[in-house]
Amino acid sequence: MDIQSAELSRDSLYAPLSRLIRRDDWERLYADDIEAILKLKKERNAVILAHNYQTPEIFHGISDIRGDSLALAREAQNLDADVIVMAGVHFMAETAKLMNPTKTVLIPDEMAGCSLAESITAENVREMKRRYPGVPVVTYVNSTAEVKSETDVCCTSGNAKKVVESLGVPRVIMIPDEFLARNIQNETGIEMLTWPGHCEVHERFTPQEIRQYRRMHPGVTVIAHPECPPEVVAEADYSGSTANMISYVAEQKPEKVLLVTECSMSDNLATLNPATEFVRPCNLCPHMKRITLSGIRKALENMETKVTIPPELEARARASVERMLAI
Ligand code: 13P
Ligand code: SF4
């Protein structure tokens, strides 16, 4: 590549981040890793899937497919690259592997977990099934393959209402997110038998905090993720998955918005919606933040860490995700 076209390609790589970071900082902190990753992607025939909570240099800088948990699961199904890199947490990489088992799926940091996935074991689910025989088990996709293998159908925050309603029953076991289950119970009137698992990011928001933001920012539109406690969702103008939040802001174009969710959402959305002012209550997900540009570069250089699913769980775990995608 000649010097002029190298400059042009650097300009286009920097452009989506220009509202968030100064050019000299971008050059110093990110440019080398971004260029190396783009080159490695070609060499390895790899695609990078990024969850909406990834930092802007990953989200806008190097990812091929961006989305909420539902979109990432769906997209993983149809990829024909040799390698899938999950810029997200472990359960998302596991779901991608379930959906596309012949591909090499890499997670740049194996320790990128989730407080919800870690809150429950397969034995806990079996115990609930023994206690409530015949009641269908709906499991949030934020769970391990082992737990999914004990599940009738998975759901995400983007389709939980639809999945639960599709069962046509008056009560379901909905695990492991107690708040999501209670929020869906409030929306549908269907009784939820829940598990005391919480997202460590969303459980920290309080109704008092939301009211205080409203006092400080009159007219602000409040959008809460359904992993928030129901008392927080009750204070919001709208509640939805991260993908639904993105469409809501793009379509409604609020003047000022407060996204009651993980910090990177506002950063990523601010670049796409320059006319909207983002009020930023900031709760970081420490698991999502384990994924970095240098970690992704190493993952592609060393082809590590490969995600595997124990063969005895694979078929049943996959079936629970496939049932969800079919609804
Ligand atoms: P969604 O992106 O599916 O709304 O999920 C949020 C989340 O916490 C994923 O870990
Ligand atoms: Fe898990 Fe919450 Fe982090 Fe999502 S934001 S990965 S639900 S801890």
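Derivation of every value follows stated rules applied to the coordinates shown; laboratory data play no part. Small disclaimer: the values here were computed from a predicted structure and weren't measured. Quick reminder, even Gly has a Cβ in these numbers, built from the backbone with ideal geometry, and neighbours come from all protein chains shown.
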Expressed as cubic angstrom per residue, what is the convex hull volume of the alpha carbon set of the chain? 131 Å³
Work out Dmax and Rg for segment 285-327 from the C-alpha atoms and quote the Rg first, both in angstrom. 15.2, 38
Based on alpha-carbon positions alone, could you give the equivalent ellipsoid semi-axes of segment 71-228 from the gyration tensor, as √(5λ), descending, whole Å? 27, 23, 15
For segment 172-300, take every pair of Cα atoms, bin their distances at 10 Å starting from 0, and report each bin as a whole percent. 12, 39, 32, 15, 2
About its Cα centre, how strong a charge dipole does segment 173-243 have in debye, to the nearest 20, once Lys and Arg get +1 and Asp and Glu get -1 at the Cβ? 300 debye
R0 = 41 Å: FRET efficiency of Glu304 with Asp11, Cβ-based, nearest 0.05? 0.80
Suppose every Lys and Arg Cβ carries +1 and every Asp and Glu Cβ carries -1, with no other charges. What dipole size does segment 208-326 come out with about its Cα centre, to the nearest 20 debye? 200 debye
On average over all directions, what projected area in square nanometres does segment 225-327 have, based on the convex hull of its Cα atoms? 9.8 nm²
Among 156-165, 199-208, what's the highest-first ranking by average C-beta atoms within 10 angstrom per residue? 156-165, 199-208
Nearby lysines by direct alpha-carbon distance to Lys253 (threshold 30 angstrom, same-chain neighbours under 8 apart not counted): Lys161, Lys162, Lys289
Mean Kyte-Doolittle of at least -1.0 and a Cα length of 20 Å or more along the axis: which whole DSSP H helices of the chain meet both? 311-326
Could you grab the relative contact order for the chain? Cα pairs under 8 Å, six or more apart, rounded to a whole percent. 22 percent
With just the Cα atoms of segment 18-74, tell me how far they stretch along each of the three principal axes, in Å, largest first. 37, 28, 12
Once the in-chain neighbours fewer than 8 apart are removed, the lysines whose Cα is under 22 Å from Lys39 read Lys103, Lys298, Lys306
If each Cα of segment 1-158 is one equal point scatterer, what is log10 of I(q)/I(0) from the Debye formula at q = 0.14 Å⁻¹? -0.77
Let me spell out the model: positive unit charges on the Cβ of Lys and Arg, negative unit charges on the Cβ of Asp and Glu, origin at the Cα centre of the chain. What dipole size does that give, in debye rounded to 20? 420 debye
